Amino acid sequence: MAVHVCLICSSVVGAGRRLRGELRSRAMSSSTNSTVLAESVATGSSVDVELLPFVNDKHGGVIVEMTAPMDPQLFSASLKASLSKWREQGIRGVWIKLPISLANLIQYAVEEGFWYHHAEETYLMLAYWLPATTHTLPVNATHRVGVGAFVMNDKREVLAVQEKSGVLRGLGVWKFPTGVVEPGEDINLGAVREVKEETGIDTEFVEVLAFRQSHKAFFDKSDLFFVCILRPLSFDITKQDSEIEAAQWMPVEEFAAQPFVQKHELVKYILEVGLAKVDKDYAGFSPILIKSAFTDKKSFFYMNRRDLDKASESSSTQKKTEKPLFMEKL
């Protein structure tokens, strides 16, 4: 039995040595091949180099989405060969999407002339323009989208919050619930979500009342802020402990009397258009779900449906020879 065990041990050890030898041989071969490829491309020698995997975009360019690990020298050689081939084919823009796990390849793309286009949590997008002309590639997203919610109950109390962070922290200022729309989220759904998260109040979206555009707001990005009016469906407040110091239903007169509201034109206008919607004949923009002629996707189109319907009814009775109403002021 002892002899049998020793023979097995000897066999295992021998197999392990052979495996390690094969791995060393493969590693040396891979290193040698990558060096040969890189030197061949640099010297113009004739060596077959696989092109990077890509798909054509809709604007005469290509998109390379790297997913699997790749030896940096092999990547560099393949990139050089790919650029040469694409230039011959008249390709214009080249996009390379690198996941954060392949960050070691960034240097080699930059050395070929690629620049940073944009980055997200899990990847970096690089861009390159092949023609000897000024590039026409679209710039990165220029705006972020925010929402503010005007919510009033039957007692003429508005939903108001005090924030735990930001410029208003510790000042005792009551403001409307606000937040940033998440990627892929519609404005109307973002407003409902923000109110629910900050106050625990369920609401129904009614309209976009107005919007503001500002610049250099967040890391030099521009900002679109949509003022929305929502109808409350519940009334018991449960504030968000992580971000909200306090939340309450506040008499609208008391809210308007705050020195902060009197000084801050944006808040004054939010209050003004909100009350105009509740008390007067102000019409905002309601979401209409529309279809695209190019894809199966649907999207929301925000418009003043009430006045559009009125205009349609009016135009049906108006003579075609009459001057349009908006032209009367010209």
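The values are calculated or read from the model by the stated rules, or taken from the named source; none is laboratory data. Predicted model, so just to flag it, every value in this text is computed and none were measured. Because the Cβ atoms are built from the backbone with ideal geometry, glycine has one as well, and the counts that use them run over all protein chains shown. All accessible areas refer to the heavy atoms of the entire protein, side chains included, with ligands and DNA or RNA removed. Shrake-Rupley method; radii C 1.70, N 1.55, O 1.52, S 1.80 Å.
Table for the structure above
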quantity	calculated
From the options VAL12, VAL62, VAL47, residue that is modelled with pLDDT under 90 and open to solvent by less than 90 Å² (accessible area, probe 1.4 Å)	VAL47
Looking only at the stretch 259-270, and only at residues there that are without any contact (Cβ under 8 Å) to a residue 40 or more places away in the chain and in a helix (DSSP H, G or I), the one that is nearest to LYS175 (Cα to Cα)	VAL261
Subset of the stretch 202-244 (residues that are of a type in the set (Val, Ile, Thr) and touching a Phe, Trp or Tyr at 6+ places or on another chain (Cβ under 7 Å))	VAL208, VAL227, ILE229
Selection from the stretch 293-308 of residues that are farther than 21 Å from ALA283 by Cβ, open to solvent by 80 Å² or more (accessible area, probe 1.4 Å) and either in a strand (DSSP E or B) or basic (Lys, Arg) (or both)	LYS297, LYS298
Subset of the stretch 280-292 [in a loop (DSSP other than H, G, I, E, B) and more than 22 Å from the chain's Cα centre (by Cα)]	LYS280, ASP281, TYR282, ALA283, GLY284
Any pair with Cβ under 7 angstrom, 6 or more apart, that starts in the stretch 196-224 at a residue that is on the phi < 0 side of the Ramachandran plot and ends at one that is modelled with pLDDT under 95 and of a type in the set (Lys, Arg)	PHE218/ARG144; LYS221/ARG144; ASP223/ARG144
Subset of the stretch 177-195 (residues that are without any contact (Cβ under 8 Å) to a residue 24 or more places away in the chain and closer than 20 Å to GLN248 by Cα)	ARG193
When residues of the stretch 309-330 are limited to those that are open to solvent by less than 100 Å² (accessible area, probe 1.4 Å) and among the hydroxyl-bearing types (Ser, Thr, Tyr), the one modelled with the highest pLDDT	SER312
Qualifying residue in the stretch 201-211 (condition: under 26 Å from ASP236 (Cβ atoms), surrounded by fewer than 17 Cβ atoms within 10 Å (Cβ to Cβ) and at pLDDT 95 or above)	yes
Some residue of the stretch 254-272 being more than 29 Å from the chain's Cα centre (by Cα), over 21 Å from VAL167 (Cα atoms) and buried (at least 16 other Cβ atoms within 10 Å of the Cβ)	no
Given (1) part of a strand (DSSP E or B); (2) open to solvent by 60 Å² or more (accessible area, probe 1.4 Å); (3) not charged (D, E, K, R), index of the condition ILE229 fails	(2)
Matching entry among THR238, THR142, THR134 (being touching a residue at least 60 places away in the same chain (Cβ under 8 Å) and open to solvent by 40 Å² or more (accessible area, probe 1.4 Å))	THR142
VAL195 being closer than 20 Å to LYS277 by Cβ, open to solvent by less than 40 Å² (accessible area, probe 1.4 Å) and in a strand (DSSP E or B)	no
Among the candidates LYS277, LYS216, LYS239, residue that is of a type in the set (Lys, Arg) and part of a loop (DSSP other than H, G, I, E, B)	LYS239
Residue among TRP95, TRP86 that alone is touching an Asp or Glu at 6+ places or on another chain (Cβ under 9 Å) and either without any contact (Cβ under 8 Å) to a residue 60 or more places away in the chain or surrounded by fewer than 19 Cβ atoms within 10 Å (Cβ to Cβ) (or both)	TRP95
Strands (runs of 3 or more DSSP E) fully within the stretch 107-176 counting 3 or more residues that are closer than 30 Å to ILE237 by Cα and assigned by the TED database to the domain that holds GLN213	143-151, 157-163
